[in-house]
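Only one structure is covered here, and it is reproduced in the block below.
The values are calculated or read from the model by the stated rules, or taken from the named source; none is laboratory data. The structure presented is a predicted model; accordingly, all values stated were derived computationally and were not measured. Note that each Cβ is placed from the backbone with ideal geometry, even for glycine, and that neighbours are counted across all protein chains shown. We work out accessible area using only protein heavy atoms, side chains counted, and drop any ligands, DNA or RNA first. Shrake-Rupley method; radii C 1.70, N 1.55, O 1.52, S 1.80 Å.
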Amino acid sequence: MTAIRLIVGLGNPGPEHESDRHNAGFWFVDAVARAHGGSWRRERPFHGEAARVRIDGADVWLLKPSTYMNRSGQSVSALAKFYKIGSAEILVAHDELDLPPGTVKLKRGGGSGGHNGLKDITAAMGGPDYWRLRIGIGHPRDLYPGREVVDFVLQRPSRAEQQAIDDRLPAALEIVPMLAAGQWERAGQRLHTVPRAT
């Protein structure tokens, strides 16, 4: 299968948003950059911060859009077009309301689930045929009944929720070299069968 050439982390720019649940995608690509010696640079043509890393002999771009969540597609499509990266070579890491904290899933294509970042990327790329790393943050209906989704995603997770997410990210980092080698099936099996931390 096609190897990954671009890993996008979704979030909102600025220090006031660093700890928001909605920034889980940023947390992941920051971890990838640290693990593989990447240095972030402001890239105005790509409307975000980008880093280039080498993973087991493969060059992979990392991207954090600075356009705010609902315009993420502007950033992703600009870099992808410039470097001729197809949708099937892109992994988008994002917060996922439909998974509990401490759960991370890999999938390709599908709907946006109401996620404005995914909606905009799908529109900008001409379809949903890109990969997603779904980082569970839980849903307020289960965790905090009565709280609105828009408020929930723009707030910091509880200490226990953050710990559950932090404990699971290493398993996601472990599959990145497999993705860079195009081993999607192996990566999915590995990620989805490694037991969650308790």
Identify, please: which residue in region 1-16 is β-branched (Val, Ile, Thr) and assigned to a loop (DSSP other than H, G, I, E, B) and is, among those, modelled with the highest pLDDT? 4
Looking at (1) within 14 Å of the chain's Cα centre (by Cα); (2) buried (at least 24 other Cβ atoms within 10 Å of the Cβ), which is the one condition that is false for residue 106? (2)
Would you check which residues across region 35-79 are open to solvent by 50 Å² or more (accessible area, probe 1.4 Å) and either touching a Gly at 6+ places or on another chain (Cβ under 6 Å) or assigned to a strand (DSSP E or B) (or both) and list them? 41, 42, 49, 52, 54, 59
Looking at region 140-151, which of its residues are out of contact with any Phe, Trp or Tyr (no Cβ under 8 Å at 6 or more places or on another chain) and outside any helix (DSSP H, G or I)? 145, 146, 147, 148
Among the candidates 96, 148, 89, single out the residue that is open to solvent by 30 Å² or more (accessible area, probe 1.4 Å), touching a residue at least 12 places away in the same chain (Cβ under 8 Å) and of a type in the set (D, E, K, R). 89
What about residue 153, is it over 13 Å from residue 22 (Cβ atoms), touching a helix residue (DSSP H, G or I) at 6+ places or on another chain (Cβ under 7 Å) and open to solvent by less than 40 Å² (accessible area, probe 1.4 Å)? no
Test set (1) open to solvent by less than 50 Å² (accessible area, probe 1.4 Å); (2) under 30 Å from residue 84 (Cβ atoms); (3) in a helix (DSSP H, G or I); (4) of a type outside the set (Asp, Glu) - residue 119 fails condition number: (1)
Tell me, yes or no, whether region 24-34 has at least one residue that is crowded, with 20+ Cβ neighbours inside 10 Å, outside any helix (DSSP H, G or I) and either hydroxyl-bearing (Ser, Thr, Tyr) or touching a His at 6+ places or on another chain (Cβ under 9 Å) (or both). no
Give 169, 173 a once-over and let me know the one that is under 21 Å from residue 6 (Cβ atoms) and in contact with a strand residue (DSSP E or B) (Cβ under 9 Å, 6 or more places away or on another chain). 169
Quickly run through region 156-184 and pick out the residues that are surrounded by fewer than 17 Cβ atoms within 10 Å (Cβ to Cβ), within 30 Å of residue 57 (Cα to Cα) and among the basic types (Lys, Arg). none
Residue 192 is checked against (1) part of a helix (DSSP H, G or I); (2) in contact with a helix residue (DSSP H, G or I) (Cβ under 9 Å, 6 or more places away or on another chain); (3) in contact (Cβ under 8 Å) with a residue 24 or more places away in the chain and fails just one. What number does that condition carry? (2)
